[in-house]
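First comes the structure, then the notes that go with it.
The values are calculated or read from the model by the stated rules, or taken from the named source; none is laboratory data. This one's a predicted model, so the numbers in the text were calculated from it and none came from an experiment. Neighbour counts run over all protein chains shown; Cβ positions are idealised from the backbone, glycine included. Surface areas here come from the heavy atoms of the whole protein model, side chains and all, with no ligands, DNA or RNA. Shrake-Rupley method; radii C 1.70, N 1.55, O 1.52, S 1.80 Å.
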Amino acid sequence: MTIKDIARISGCSVSTISRVINDRPDVRPETKEHVLKVMREAGFTPNTNARQLKIQQSRSLVFVVKGTRNIFFSDFLVQLQRAATLYGYNGIVSYLDENANEIDAAEKILREIKPKGMIFLGGSVTNFQNGFANISVPSVLATLVSNELDFPNLSMVGVDDRAAAKAAVSHLIAQGHRKIAVLGGPATSFPSRMRRLGAQDAMEDAGLVLDDKLYGLCNYDFESAYHAMNSLLARRAEFTALFAMSDVIAFGAIRALVSAGMRVPEDVSVIGFDGITMSRYCVPVMTTIVQPSEQIALQSIELLVRQIEHGAPAQTVTLQPELQQGESVCPCRRNDSV
């Protein structure tokens, strides 16, 4: 008996069963009671115990995580592990440096572990183009969707980074900001390239231009973002708002701004990207683009399981992010904003 059987018997979706099992508040009481009753009558108990080694090997999935200090991936992994367990699979995590080649690492993992499937968290489109043909198992590229990739065993689940970044910068522009700085990764990083293009799209629609002098290059970690913002300030760059390509980058940048005697949002408005848990509890509460991480995790596991167990074709699923209105953005108050 698996979560899919409970979904079939109860007439509910797998995602609803998942939310009931995890005691999520976003399930109607009558639906929750119905599902729990079906589980009791079927004698179903979610399997959270360690499996025997032989079973682990035959039901293992590998999660290849690119970036050891990306907090968004840390939160996301918890949801992936939970979803994998619900389907009776064991998740094995492999961490890589942000600049490592994830395909080379995956080939080594396939030789050593022989998993049933793989989920990549982050990745280089170029690396996939050059080497993914050597990966034989069903795979999912999670949190990244690219029309430049087309492999029969590679599904993709994520948001439209370009459109999401455009929404973020458009929000700043709607608040009267015209001098907008951007902190993010290099053009070799597909998400960074798409998010930069999205920022440019928003500015062009408003008759503005993204000034290269207001682009700070950094990795997706606190320290790198802190130094990137300090570099902008050292160049006496003038801006009233910042689009950070991740919440972690936003936190590092805010630390640098505060250390320089500036206030957020009174002196500089800041909008992030990802919607990690910390964004709701920091001071000020972060205004950010929230990726639907739970949906991405569950969809990634569902697509992978369908490929493994039923030979289903690879699919691309693009989900919608949401704008989290926080306290880190306010209307532009400087006279030189226009």
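Data table
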| item | result |
| --- | --- |
| Residues that are part of a helix (DSSP H, G or I), open to solvent by less than 10 Å² (accessible area, probe 1.4 Å) and within 25 Å of Ala174 (Cβ to Cβ), drawn from the stretch 261-300 | Ser279 |
| Residue within the stretch 54-61 that is in contact with a Ser or Thr (Cβ under 8 Å, 6 or more places away or on another chain) and either open to solvent by 50 Å² or more (accessible area, probe 1.4 Å) or modelled with pLDDT of 80 or more (or both) present | no |
| Residue ID - nearest to Asp274 (Cα to Cα), chosen from residues in the stretch 190-240 that are within 26 Å of the chain's Cα centre (by Cα) and among the basic types (Lys, Arg) | Arg195 |
| Selection within the stretch 122-138 - open to solvent by 30 Å² or more (accessible area, probe 1.4 Å) and β-branched (Val, Ile, Thr) | Thr126 |
| Members of the stretch 122-141 that are hydrophobic (A, V, I, L, M, F, W, C) and at pLDDT below 95 | Val125 |
| Where a residue in the stretch 231-250 is free of Cβ contacts under 8 Å to residues at least 24 places away in the same chain and its partner, wherever it lies, is charged (D, E, K, R), with Cβ under 9 Å and at least six apart | Arg235/Lys213 |
| Residue check, Asn101 outside the structural domain of Gly252 (by the TED database) and either crowded, with 20+ Cβ neighbours inside 10 Å or without any contact (Cβ under 8 Å) to a residue 40 or more places away in the chain (or both) | yes |
| Cross-chain or 6+ apart pairs with Cβ under 7 Å, the stretch 193-204 first and within 14 Å of Tyr215 (Cα to Cα), then open to solvent by 50 Å² or more (accessible area, probe 1.4 Å) and not in a helix (DSSP H, G or I) | Arg193/Ala187; Met203/Val209 |
